[in-house]
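One structure is given here, and the rest of the page talks about it.
The values are calculated or read from the model by the stated rules, or taken from the named source; none is laboratory data. This is a predicted model, so every value here is computed, not measured. As a convention, Cβ positions derive from the backbone with ideal geometry for all residues, glycine included, and neighbour counts pool all protein chains shown.
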Amino acid sequence: MGGLSLQGDRDTLWALNLHLRTASRILVRVARFRAVGFRDLERRGREIPWHAFLPVEVPPDEVAFEVTCRKSRLYHSGAVEARLREALAASGAGRPGGRAPRRDRGESKGALPPPPRFVVRLVRNRLTLSADASGTPLHRRGYREAVGKAPLRETVAAALLLAGEWHGETALVDPFCGSGTIPIEAALLARGIPPGLRRRFAFEAWSGGSPEEGAAARSRAWGEEGEPSPAGSLPPILGSDRDEGAVASAWANARRAGVETWVDFSRAAVSTAPLPDPPGILVTNPPHGHRVGDPATLRNLYARLGARIRSEWSGGRIVLLSADRGLAVQLGLETRVLFRTRIGGIPVEALAAEIP
Ligand SMILES: C[S@@+](CC[C@H](N)C(=O)[O-])C[C@H]1O[C@@H](n2cnc3c(N)ncnc32)[C@H](O)[C@@H]1O
């Protein structure tokens with residue numbers, strides 16, 4: 001949630017899309033103007049360099065518009081979209097009547113981006129039109145085909161690690177690892193592997209892009225994350241789950257992410273989950289009752305985890321995503337809030353605690 005703006009060129013676009021671990025998408029601001037009537041849309045719409053933000057082969061009616069209007073004279077988003085579409089079609093951008101290329105509509109097939117998309121915000125009669133440079137949202141790194149019961153977004157997993165200030169110095173464990181998202185993101189972070197390396201972005205197909213440019217940007221990206229932890233010196237990165245299918249999917253995802261050498265997944269209930277010695281950081285997204293688990297037994301599960309780490313992992317740290325303070329309290333630890341966000345509409349908190 002939220003965003004920030006900055007200025008840059010195509011190299012910046014590559015850097016942001018390849019390296020940002022917690023951003024959902026990169027938008028490029030194309031036009032900003034005052035629009036109080038349809039004539040403004042028609043006139044200013046004709047001045048927009050649509051062709052610069054579209055692949056040449058795309059039929060104009062394949063282009064997606066996401067329009068929101070607030071506190072403005074023009075309040076009908078459908079009508080605003082229709083005028084902008086007309087301006088796009090009149091500009092000759094794209095290929096009228098052309099055949100749409102095959103699209104990626106799935107969670108995992110990072111190979112082809114979804115239809116090109118413009119995001120339009122009309123607030124207090126000021127219109128901002130942006131082109132979606134990422135395409136498929138950035139949390140889809142391209143490695144997660146096998147998903148567990150309630151998979152965590154890759155960007156949220158990375159946010160837990162970054163907010164917990166873990167950069168690969170200590171052992172890391174997730175005893176509710178599901179499809180392995182947290183340990184996999186941890187290995188990518190510790191090895192300095194750009195999270196977007198294995199996927200494509202919408203802007204690659206805009207005018208000015210070429211396969212050579214993409215290859216050069218990707219190979220350059222390797223050296224840009226600073227010194228990665230040497231592979232041999234990486235501390236243990238462990239995940240466990242009581243569900244056998246989840247553990248299998250975690251391994252499959254780790255292989256696709258190219259990090260299977262630096263992670264270890266095993267099947268275990270939380271009472272026997274491996275805890276590395278010396279203690280490091282436990283980062284996890286436990287069952288919380290909204291999507292997984294029954295509230296009565298969940299309190300017991302949190303209490304057992306708390307008792308275990310307090311007796312066996314003194315000196316370690318814990319970072320967890322919590323949708324229910326009543327459950328987090330059962331850990332018996334003094335927690336502080338790292339950040340708050342919403343997941344699937346549910347408010348959640350990232351909590352951290354030192355294990356005394
Ligand atoms: C919210 S999901 C974790 C999702 C994971 N972060 C991901 O990205 O796929 C919670 C996981 O806890 C596991 N689990 C539930 N009770 C458990 C227990 N007693 N011991 C170990 N794992 C358990 C479930 O099988 C499930 O995969």
Examine the range 273-284 for a residue that is within 11 Å of the ligand (Cβ to nearest atom), among the small types (Gly, Ala, Ser) and more than 18 Å from residue 171 (Cβ to Cβ), and state whether such a residue exists.
no
Contact list please: Cβ distance under 7 Å, first residue in the range 261-278 and in contact (Cβ under 8 Å) with a residue 12 or more places away in the chain and assigned to a loop (DSSP other than H, G, I, E, B), second residue more than 9 Å from the ligand (Cβ to nearest atom) and hydroxyl-bearing (Ser, Thr, Tyr), pairs at least six apart or on different chains.
274/266
Quick check on the range 233-244: of everything there that is assigned to a strand (DSSP E or B) and within 8 Å of the ligand (Cβ to nearest atom), which residue is farthest from residue 269 (Cα to Cα)?
240
Residue identified as under 19 Å from residue 150 (Cβ atoms) and among the basic types (Lys, Arg) among 342, 317
342
For residues in the range 231-256 being basic (Lys, Arg) and under 21 Å from the mean Cα position of the chain (by Cα), which is surrounded by the fewest Cβ atoms within 10 Å (Cβ to Cβ)?
255
Please pick out the residue among 247, 319 that is within 16 Å of the ligand (Cβ to nearest atom), touching a helix residue (DSSP H, G or I) at 6+ places or on another chain (Cβ under 6 Å), modelled with pLDDT of 95 or more and not acidic (Asp, Glu).
319
Anything in the range 180-194 that is part of a loop (DSSP other than H, G, I, E, B), more than 15 Å from the ligand (Cβ to nearest atom) and touching a residue at least 40 places away in the same chain (Cβ under 8 Å)? List them, or say none.
191, 193, 194
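Let's see how each residue does on (1) closer than 25 Å to residue 266 by Cα; (2) within 16 Å of the ligand (Cβ to nearest atom):
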| position | (1), (2) |
| --- | --- |
| 136 | no, no |
| 159 | yes, yes |
| 171 | yes, no |
| 175 | yes, yes |
| 178 | yes, yes |
| 196 | no, no |
| 200 | no, no |
| 206 | no, no |
What about residue 105, is it exposed (fewer than 13 other Cβ atoms within 10 Å of the Cβ), in a loop (DSSP other than H, G, I, E, B) and modelled with pLDDT under 95?
yes
Cβ pairs under 6 Å, 6+ apart, first in the range 1-17 and modelled with pLDDT of 95 or more, second assigned to a helix (DSSP H, G or I):
13/203; 14/217
Condition set surrounded by fewer than 18 Cβ atoms within 10 Å (Cβ to Cβ) and at pLDDT 95 or above, scope the range 278-303, selection farthest from residue 346 (Cα to Cα): answer is 278
For the range 153-170, give me each residue that is in a loop (DSSP other than H, G, I, E, B) and within 10 Å of residue 186 (Cα to Cα).
166, 167, 168
